[in-house]
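Q: My questions all concern the structure below.
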């Protein structure tokens, strides 16, 4: 499920009598799913804005704890701090930011977007209603919002424009989260160029040596974590590197290979002979799955969710991600904003290394692809 949070806060005096407002919407229909508002006594604008964000995150978690979330605010300060681009210096805001980050890390994915004040009218109105109610000695309730809710919701709530942050010649800003992507070593099926999906296939002796060579090549780098697909061939590869780096191996189910269903273990030529129509449909449309298998569209969805989890959990850190051909290609395609057909135009060797920097303000930079120098 995709949710949009709109949050705001304000004080009449800064510091002064303050309040917050938060709205949770269905990202597709724009329907309001929840509202929250509260007066806060005497605090600053920034504290009230953070309290609005926390209230919105809490409501969203009650609705769909595994949702993909976009949090929209007209507070540049809160958006930049939550995105990791600005430091949090004020002691009153540090615990609030930690609380917000803890809530944010529970979602499948989350991003923070600045919007102009005129596009945040609903949350701003709720914050003012809460302050007005407090001035009259009352506590805000949902009935305070009902009179103007319909008129407010007649206005469209379009998605914000894509980030205009620089890439290419101009250097991206901030500290990235770096994912070093390692494909597992050789297996009997990869050696024969056969479909290898979610079946448990061990590394060959050559594959073990390739994993050890990758570990040696990566030994000079500093990593904060190693995250692997749960399948045996990736965990076996990851463990070889972990033994050298002295790190534990975490697993992330979303990084597993595509389920190729009935095609598992067959070569491309054999699939062409046995399932010609199904293969043509699969090659033409990423939403088509192999018989009893998984489509590339479905794989892309869970890989993106896994990526977003990593970017929240390991923000501005360096992670070794040990995975398979399809998930690694999909991460590269996502970084390049390339079409689905790009998957068929990439070649990825066993035990190859690729690297992507993900910046919090939107851009991603592919720094390395299919490096196999360590196998020479």
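Q: Among the residues of region 227-255, which ones are buried (at least 20 other Cβ atoms within 10 Å of the Cβ), modelled with pLDDT of 95 or more and either on the phi > 0 side of the Ramachandran plot or in a loop (DSSP other than H, G, I, E, B) (or both)?
A: Of everything in region 227-255, those that are buried (at least 20 other Cβ atoms within 10 Å of the Cβ), modelled with pLDDT of 95 or more and either on the phi > 0 side of the Ramachandran plot or in a loop (DSSP other than H, G, I, E, B) (or both) turn out to be 229, 231.
Q: With the requirement that a residue be farther than 18 Å from residue 141 by Cα, more than 26 Å from the chain's Cα centre (by Cα) and surrounded by fewer than 18 Cβ atoms within 10 Å (Cβ to Cβ), what does region 18-55 give you?
A: 42 - this is the single residue of region 18-55 that is farther than 18 Å from residue 141 by Cα, more than 26 Å from the chain's Cα centre (by Cα) and surrounded by fewer than 18 Cβ atoms within 10 Å (Cβ to Cβ).
Q: Moving on to the next point. When you look at residue 141, is it at pLDDT below 60, in the same structural domain as residue 12 (by TED's automatic domain parsing) and either buried (at least 18 other Cβ atoms within 10 Å of the Cβ) or more than 29 Å from the chain's Cα centre (by Cα) (or both), yes or no? Break it down stepwise before answering.
A: Working: at pLDDT below 60: no; in the same structural domain as residue 12 (by TED's automatic domain parsing): yes; either buried (at least 18 other Cβ atoms within 10 Å of the Cβ) or more than 29 Å from the chain's Cα centre (by Cα) (or both): yes.
Here the answer is no, as residue 141 does not meet what is asked.
Q: With the condition kept exactly as written, say whether any residue in region 195-212 is assigned to a helix (DSSP H, G or I), within 18 Å of residue 328 (Cα to Cα) and in contact with a strand residue (DSSP E or B) (Cβ under 6 Å, 6 or more places away or on another chain).
A: No: region 195-212 contains no residue that is assigned to a helix (DSSP H, G or I), within 18 Å of residue 328 (Cα to Cα) and in contact with a strand residue (DSSP E or B) (Cβ under 6 Å, 6 or more places away or on another chain).
Q: Right, something else. Could you please let me know if residue 36 is closer than 21 Å to residue 133 by Cα and touching a strand residue (DSSP E or B) at 6+ places or on another chain (Cβ under 7 Å)?
A: yes
Q: Further question on the same structure: Filtering region 256-269 down to residues that are in a helix (DSSP H, G or I) and touching a residue at least 12 places away in the same chain (Cβ under 8 Å), which residue is surrounded by the most Cβ atoms within 10 Å (Cβ to Cβ)? Walk me through it before giving the result.
A: Looking only at region 256-269, we keep the residues that are in a helix (DSSP H, G or I), and these are 261-263, 268-269.
Filter once more, so that each one left must be touching a residue at least 12 places away in the same chain (Cβ under 8 Å): 261-263, 268.
Working: 261: 17, 262: 15, 263: 24, 268: 12.
Checking each candidate, the answer is 263.
Q: Given the criteria at pLDDT 90 or above and either part of a strand (DSSP E or B) or under 19 Å from the mean Cα position of the chain (by Cα) (or both), does residue 9 qualify? Working first, answer last.
A: On the way: at pLDDT 90 or above: yes; either part of a strand (DSSP E or B) or under 19 Å from the mean Cα position of the chain (by Cα) (or both): yes.
Answer is yes for this residue.
The values are calculated or read from the model by the stated rules, or taken from the named source; none is laboratory data. Quantities reported herein were computed from a predicted structural model and do not represent experimental measurements. We place every Cβ from the backbone using ideal geometry, glycine too, and count neighbours over all the protein chains shown.
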